[in-house]
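Nothing in this text is a laboratory measurement; each read-out follows from the coordinates by a stated rule. For clarity, every value in this text was computed on a predicted model and none was experimentally measured. Neighbour counts are summed over all protein chains in view; Cβ atoms, including those assigned to glycine, are modelled from backbone coordinates with ideal geometry.
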């Protein structure tokens, strides 16, 4: 059994006790300790800024041209915090409980409680940095609801919350760059971790402009490199999102936790054709006011506005009256798939359902007319006033929809379908966010820790910033306090040399194949295997097939991939090839993990394990553990288990009815 | 929405690296769906080039949903192409017709040197932020988020300015390659908030100085930046910037 090093004692005091007793590093020593941070999204930028402020010597790396472009920027809806500003019964315990339940009882109580505790500090910190959250007329902060929750605890900045939070963290990071505490390396990709005597001592990275390999020393390395949703090819991730840094760490000894736990987001714009390169999310916040439906008749070819009210099936409201359209993401996604598979899907592909704003526009229009003292408003007036309110709340999302589809969502219901969005799995970390390799930490979406088998909306931003601003500044000191006698190790050390050689050899191997299949086409094929057999629904037979197909694809990749250009130049196809090669290996592990977990929980839905009405059926007796996979050799992994203990919450069948 | 396919001629700027001279190359693409995004059309072209053993066209892109600010193509003489309030990645092919010729160039500005083909170096923007585009508050210092009310109008205006994605279209659109819209958006975002007030004067001066050092041109009020901005950042922010700068430099105490 793996030990997560969760502090003893009462759940409410674990984190306080930890902070009171962890080792500290004095300011003079901090100046001599170097920390490498890979990735500059919410977790990476907030960690780099906070550690720089503390006085550590920080080096931060990102593959984008600027740290401000990390994909946290695309998060739309909001960030949760247990502030209870709405006086609606929220508390740290409620946020903790909702997150544990939302994660279908596959996350750690200790971690999640800490997350809920620091959530309020995050909002304070962001406001102090100048993050322009939405406000009410009295000048105080506004909140809205998100899925799987019955209180209003989500803070937001229109549909651009991730952008505003990231810019806040980015500015804090740039301030530390200006002060000389952080050195920033943009357009750099980490390609391996350097271990010396069993401890992490640096990284090998590639300058993406010149193609040169570089060695960097650090007393500790933090991977803040995001999720691996792009293993499915089509996802809501940015084109550059990849698993490479985490995967290299995995192959150097870091266990991979719950790789099969992926989140399929219910409200994305459906695929339109073969050329599709990515999918666009329509924020979960739209489910606050929008209603989801399909026609009651199969293969109904009528236009949505021609289908009368009593011939529409608002299936979420029908199946889950207590939470209605605001059920958690895994539940909403499966319900959409169920309707489409049964022949009720809409649009040309029949792989879509409607997200309708007509009712909300009417409701808001009438309220607005009342506010303005318009008696007996005409239906045009109501529509116009309602449109204005909806535009203020969701305007940028509606514009985005119209740009992509060419349809006006104020007039016609939006068509949506589930798409890969987030990965709850990631590198296994203990309570201190340290992986199984000493000195190697993992923060944010890249780790597996807080969301169990399903993440609730508006919790990713919360976790990324919690890890970076409020957790790692304490936990890293506990490790570095014992490193104050370690002098900077010159990068001419044989381990640096050896690791760089391995990295260079792999790149040369990739370039020497000169086959016939483009990287893109191989990636697409991997994505199709993963989506068909390890996607929203999985079964043992399909997973076994997928493992064989992925192994065959790997052979084909390494014998037939075609990469243009050369090594020593700006060569995005080469960058992509390295990432796809890693995705292929990860895909295999995801299928192995999904096959091993003979239960359904959260986003992991094994068709063999469901209740009579099609809900996920957990097996707490046999699977109440975190699967942590240790890489042994090519296509070989050992499974380690971390038992999950629930001292406070009593796991039950999750119900949103 | 009516879907259709089209054949197009593309004239694309090709440049091996920052040292070599560039040139236009002409490419034909066929059977492009009106439902594709502009960058997906480039994906199709690049796949074709790779298969023909030719060098694909390098371009910056990442989120493909109009928020990261990476994409940066100058299409038919307009930054981000013909649609208003739009980034290249959100531009869809229904903006074009069968038989069209489309000219694609990188951002052109001294402060944004070309790295390869359509990829430019925009790190000057990061250095301008380093000069003062922040509020100096260390982690852990904050008071309760509702301790200081911010009137909704200021908060909304601040948010509208903060929506800048740092793509550089304003610079590319400007005949002087001025970065005033970018700088003004950041100055407005922070100076409109009470939290940003203590550093108001030092911030604006430091950012303007850095902007000049990077080689961006002066503003001559043609408003081309506002027209090209994918996030509709208003030129009134430049008025605010000038006012902030005057106040900071003409008053005795800092």
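Evaluate peptide A:565-576: per residue, the Cβ atoms of other protein chains within 10 Å of its Cβ; return the mean as an integer.
Mean shielding count: 3.
Taking every residue in A:175-181, how many Cβ atoms of other protein chains lie within 10 Å of its Cβ, on average?
Mean inter-chain Cβ contacts per residue within 10 Å come to 4.
Given labels modelled 7 Å from the Cα in the Cβ direction, how far is it in nm from residue B:138 to residue A:488?
Modelled inter-label distance: 2.3 nm.
Going by C-beta contacts inside 10 Å, put B:187, B:143, A:127 in order with the fewest on the left.
Going from sparsest to densest Cβ surroundings: B:143, A:127, B:187.
In the stretch A:551-619, what is the volume of the convex hull around the alpha carbon atoms, normalised per residue and reported in Å³?
In the stretch A:551-619, the Cα convex hull volume per residue is 117 Å³.
Mind listing P(r) for the stretch B:5-116? All alpha-carbon pairs, 10 Å bins, whole percents.
That works out to 14, 48, 34, 5, in percent per bin.
Over all directions, how big on average is the projection of the convex hull of the alpha-carbon atoms in the stretch B:122-250, in square nanometres?
The directionally averaged projection comes out at 8.0 nm².
Starting from the Cα gyration tensor of the stretch A:3-136, take the square roots of the eigenvalues, sort them a ≥ b ≥ c, and report rounded, prolate or oblate (rounded when a/c is under 1.5, otherwise prolate if a/b is larger than b/c, else oblate).
It comes out oblate by the Cα gyration axes.
Relative to the longest principal axis of chain A, what angle (0 to 90°, nearest 10) does the C-alpha long axis of helix A:494-513 take?
60 degrees
Per DSSP H run of n ≥ 4, the term is -39500 (n - 2.57); total these for chain A, divide by its residue number, and report the mean residue ellipticity at 222 nm rounded to 500 deg cm²/dmol.
Rounded to the nearest 500, the figure is -12000 deg cm²/dmol.
Report, in deg cm²/dmol and to the nearest 500, the calculated mean residue ellipticity at 222 nm for chain B, where each DSSP H run with n ≥ 4 adds -39500 (n - 2.57) and the sum is divided by the residue count.
After summing the helix terms and dividing by the residues of chain B, the value is -10000 deg cm²/dmol.
Percent antiparallel among DSSP beta bridges with both residues in the stretch B:5-116, to the nearest 5?
Of all bridge pairs located within the stretch B:5-116, approximately 80 percent are antiparallel.
Between residue A:408 and residue A:596, what is the label-to-label distance in nm when each label sits 7 Å out along the Cα-to-Cβ direction?
Result for the modelled spin labels: 5.5 nm.
For chain B, just say rounded, prolate or oblate: build the C-alpha gyration tensor, square-root its eigenvalues into a ≥ b ≥ c, call rounded for a/c under 1.5, and beyond that prolate if a/b exceeds b/c, oblate if not.
prolate
For residue A:495 and residue B:108, FRET efficiency with R0 = 60 Å and r from the beta-carbon atoms, rounded to 0.05?
0.85
Each label point is 7 Å from the Cα along the Cα-to-Cβ direction; what then is the distance between the points at residue A:13 and residue B:52, in nm?
According to this spin-label approximation, the distance is 7.4 nm.
Calculate how steeply helix A:161-178 sits against the longest principal axis of the alpha-carbon atoms of chain A, using the helix alpha-carbon long axis, and give the answer as 0 to 90 degrees to the nearest 10.
30 degrees
Give the shape of the stretch A:525-580 as rounded, prolate or oblate, defined through the alpha-carbon gyration tensor: a ≥ b ≥ c are the square roots of its eigenvalues, a/c under 1.5 means rounded, and otherwise the shape is prolate if a/b is larger than b/c and oblate if not.
Cα axes put the stretch A:525-580 in the prolate bin.
For the protein assembly as shown, max minus min Cα coordinate along each principal axis, in Å, sorted largest first?
Computed over the protein assembly as shown, the largest-to-smallest principal extents equal 73, 69, 62 Å.
Evaluate E = 1/(1 + (r/R0)^6) for residue A:512 and residue A:636, where r is the Cβ-Cβ distance and R0 equals 25 Å; express this FRET efficiency to the nearest 0.05.
0.45
Could you sort the peptides A:343-350, A:212-219 by per-residue average Cβ neighbour count (10 Å cutoff), highest mean leading?
A:212-219, A:343-350
Order of B:137, A:580 from fewest to most other C-beta atoms within 10 Å?
Ordered by Cβ neighbours within 10 Å, fewest first: B:137, A:580.
Divide the volume of the convex hull of the Cα atoms of the stretch A:183-263 by its number of residues and quote the answer in cubic angstrom per residue.
115 Å³
Using R₀ = 35 Å, calculate the FRET efficiency as 1/(1 + (r/R₀)^6) where r is the Cβ-Cβ separation of residue A:372 and residue A:348; round to 0.05.
Efficiency, from the Cβ-Cβ distance: 0.30.
Residues of the stretch A:307-348 with amide nitrogen under 20 Å from the 7 Å Cα-to-Cβ point of residue A:297?
Residues A:307-315, A:339-348 fall inside that zone.
For residue B:2, put the label point 7 Å out on the Cα→Cβ axis and report which residues of the stretch A:400-443 keep their amide N under 11 Å from it.
Within reach of a label on residue B:2: no residues.
Report, in degrees rounded to the nearest 10, the 0 to 90 angle that the Cα long axis of helix B:38-51 makes with the longest principal axis of chain B.
50 degrees
To the nearest whole number, what is the average tally of beta carbon atoms from other chains within 10 Å of the beta carbons of peptide A:408-417?
Across the residues of A:408-417, the mean count of other-chain Cβ atoms within 10 Å is 0.
Could you work out the per residue convex hull volume over the alpha carbons of the stretch A:500-625, in cubic angstrom?
Expressed per residue, the convex hull around the Cα atoms of the stretch A:500-625 is 121 Å³.
Among A:558, A:531, A:428, A:15, what is the fewest-to-most ranking by other Cβ atoms within 10 Å?
Starting with the residue having the fewest Cβ neighbours, the order is A:558, A:531, A:15, A:428.
Looking at chain A, send over the antiparallel percent of its DSSP beta bridges, to the nearest 5.
Just about 70 percent of them are antiparallel.
Given 0.36 nm per residue, what is the gain on full extension from residue A:647 to residue A:388 after removing their alpha carbon distance, in nm?
Taking residue A:647 through residue A:388 to full extension adds about 88.4 nm, to one decimal.
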